[in-house]
Structures are given as C-alpha cells and as structure tokens.
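Working notes, beginning with the structure itself.
Read-outs throughout are calculated quantities, based only on the coordinates presented, and are distinct from any laboratory measurement. Owing to the predicted nature of the structure, the values given are computational and were not obtained by experimental measurement. Here the Cβ positions follow ideal geometry from the backbone for every residue, glycine too, while neighbour counts run over all protein chains shown.
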Amino acid sequence: MVSEMPALPPAILLMGPTASGKTAVAIELARRFPVELISVDSAQVFRDMTIGTAKPDAATLRDFPHHLIDLISPEEAYSAARFRSDALAAMAEISARGKIPLLVGGTMLYFKSLLDGLAELPQACPETRAGIDAQASAEGWPAVHAELSRVDPETAARLHPGDAQRIQRALEVFRRSGRSMSSLLAAGRNQLPHYDFLSLGLLPSERSVLHARIAGRYDDMLAAGLEAEVEMLRAKYRLHPGLPSMRCVGYRQIWEVQDGLAPRSEMRERGIYATRQLAKRQITWLSNTLKPEIFDCLAPDHLEKIAHRVDDLLVQRDS
C-alpha cells in the first residue's frame with residue numbers, strides 16, 4: 001500500500017500597497033488564530049527608522065511580535081536573498097511550534113523571492129558588456145542573438161533578435177558563469193519552499209480613497225516628527241543619500257530638503273507623490289505578477305472575509 005505524502009505546513013501571505021491596512025488586518029488575524037507575524041518590508045528592517053516606515057508601535061510589537069523588524073543599521077543593505085533566508089528560518093521555527101507563519105508587508109520582490117526562488121546570476125560586468133557591445137557594433141545584434149542561440153537556445157527563443165539589452169544580459173551571464181541563463185533560472189525555481197501558501201491581497205476598489213489615505217498618513221508622519229527622525233539618523237549614523245535606507249520613500253524627500261536640494265514648501269507634496277508612485281508599483285506587482293486572492297481593502301466586511309478564508313485553511317489542515 002502506497003502511503004500518502006505528508007501534508008505541507010501552511011503559511012499565509014498578506015500583501016498590499018502602502019496604506020491598504022495590512023498591519024491592522026494581520027494583527028486582528030493574530031488575535032483570532034494561531035499565527036506568528038513576519039514582516040515583509042524592506043524599510044522596516046532598519047533600526048531607528050520608525051516613523052517613516054510606519055512600524056507598529058512598541059505596545060503592538062510587545063503584544064504581537066513581528067519577525068524581521070529592526071534587523072540592521074541604516075548604514076547597511078538588505079537583499080531579497082537575505083530576506084528569503086531569514087524568512088524561511090523564521091517560518092521553520094514558527095511551524096515547529098505548531099503555529100502558522102503569517103507574512104505581511106508590501107515589498108513585492110521579497111514575496112516573489114519566497115514564492116519563486118532566486119536565481120544566482122552573476123553581477124553585471126562592465127568589461128564583459130563592453131565586449132558584447134563591440135561585437136554588436138561590428139556584426140550587428142542579430143549575429144549576437146545567433147551566438148546566444150548556440151549557447152542558450154531557450155532564452156534566445158523568447159528574445160527578439162533586436163532586443164539588445166536582454167540579449168546582452170543573457171550572453172553576459174553565460175560568459176561570466178559558463179552556464180546558460182535558462183539553466184540558472186530553472187535552478188532558482190527548484191528552491192521553492194515546502195509550504196502550502198495561502199496568498200491574500202488587499203487592493204482598493206477606488207484608487208482615490210487610497211490616495212487620500214496616503215496623504216493623511218504622510219501628514220501624520222510629519223506631525224509625529226519625521227523630519228526630526230531624519231536629523232537623528234544623520235547624526236547617529238554615517239549615512240549618504242545613495243544608501244538603501246535613505247532612498248526609502250519619505251526619507252529621501254526630507255533629506256533633499258535638509259540638504260537644500262528641494263524647497264521645504266514642496267516637501268509634503270513630494271513625499272505624498274512618491275508614496276503614491278510606490279503604491280502604483282505595488283498594485284502592478286500584485287495584479288500582474290503575484291496574483292493573490294484579492295479582497296477590497298475599502299469594503300466594510302473585508303476583514304471578516306479574510307478571517308473566513310483563514311478559518312477554511314485551518315479546517316483543511318485539521319481534517
């Protein structure tokens with residue numbers, strides 16, 4: 001008799017654009033169900049960056065601890081690969097305790113890295129790219145595409161012979177690693193984590209309401225002392241505007257004002273505009289790439305609908 005494969009442990013992904021109410025939903029789910037929270041936020045990993053990253057307050061974190069918050073100094077960088085490693089380690093610990101990992105946030109690349117794996121592609125090399133450009137100048141991009149067809153027919157088949165940028169990158173990967181891009185991408189897909197994922201997405205039925213929320217939240221951040229927070233960070237750490245921490249929405253706009261690169265009179269509008277653009281990118285990721293089950297974050301019953309979906313997951317697990 002063939003034994004059944006053991007069921008995969010469950011994990012919940014709760015994703016949505018900024019100001020969609022993800023944290024409030026996650027905390028309410030933590031009140032009702034045996035879950036532990038994992039932050040999926042590329043800004044909340046930085047210590048001392050509290051106001052502008054909309055971290056939960058100290059009381060909330062005491063009652064509902066979040067993994068992967070306050071991990072590193074604003075002087076450091078944090079990658080999707082490190083997130084994936086840290087998240088999987090936290091998920092394993094949570095599952096071992098008999099609870100369900102609930103990953104909540106808006107950094108869509110992190111979600112993708114978890115769901116799809118990460119291909120270990122070589123970094124860009126100016127010398128290699130210059131050599132490919134020289135070859136293209138002498139022979140033409142169709143000839144370079146023909147070379148790519150010999151070493152990586154799968155990638156070449158999906159690229160137009162005139163798609164210079166992608167042909168260059170694929171050939172660069174082969175010349176730098178000795179392996180085709182298609183094989184490296186396939187290896188990344190083989191890293192898929194062994195979880196039964198329930199992917200839930202919060203999206204607004206009216207974009208204008210989300211924009212109003214974004215403006216109100218940024219005003220709240222300014223009132224709470226976001227400018228003073230940036231001043232504190234600059235005094236405490238060795239920072240520059242090229243660091244990932246200071247490229248975060250809100251922080252970058254205040255840095256520019258403090259350095260005299262933008263007028264103070266425009267600071268609020270620039271911060272709100274940048275946050276709206278971030279939300280637009282997040283919504284595109286959700287709609288086109290991650291494609292979770294969508295719930296209208298403006299509907300009065302969206303929390304109950306999500307809770308019902310999580311309850312279904314628990315019933316399936318226990319049956």
Practice task
List, in the order given, every pair from K112/K236; K55/K236; K112/K280; K22/K236; K55/K305 whose Cα-Cα distance in the structure shown is over 27 Å.
Solution key: K112/K236; K22/K236
Handout entry: Alpha-carbon radius of gyration plus Dmax, which is the widest Cα pair, for region 157-241 in Å
Key = 23.0, 54
Practice task
Can you give me the three principal axis dimensions of the chain from its C-alpha atoms, in Å, biggest first?
Solution key: 74, 63, 37
Problem - Computed [θ] at 222 nm, helices only, for the chain once each DSSP H run of length n ≥ 4 contributes -39500 (n - 2.57) - result: -16500 deg cm²/dmol
Handout entry: Student exercise, region 126-188 dipole from Lys, Arg, Asp, Glu Cβ charges, in Debye to nearest 20
Key = 180 debye
Fill in the blank from the handout: Percent relative contact order for region 115-264, counting Cα pairs under 8 Å at least six residues apart, stands at 22 percent
Exercise for the section: Quantify how much of the Cα-Cα distance distribution of region 69-192 extends past 17 Å, in percent. Expected result: 66 percent
Handout entry: Relative contact order of the chain, defined on C-alpha pairs under 8 angstrom at six or more residues apart (%)
Key = 27 percent
Completion exercise
Footprinting proxy, D220, D116, D41: sorted fewest to most Cβ within 10 Å, the residues are D220, D116, D41
Completion exercise
A correct fewest-to-most ranking of V45, V257, V209 by other Cβ atoms within 10 Å would be V209, V257, V45
Problem - Cα-only radius of gyration and Dmax that characterise region 126-188, units Å - result: 10.8, 35
Handout entry: Dipole magnitude of the chain, debye to nearest 20 (Cβ charges: Lys/Arg +1, Asp/Glu -1, about Cα centre)
Key = 300 debye
Completion exercise
Bridge orientation stat for the chain from DSSP, antiparallel percent rounded to 5, came to 0 percent
Handout entry: Compactness of region 214-257 as Cα Rg over 2.2 N^0.38 Å, two decimals
Key = 1.14
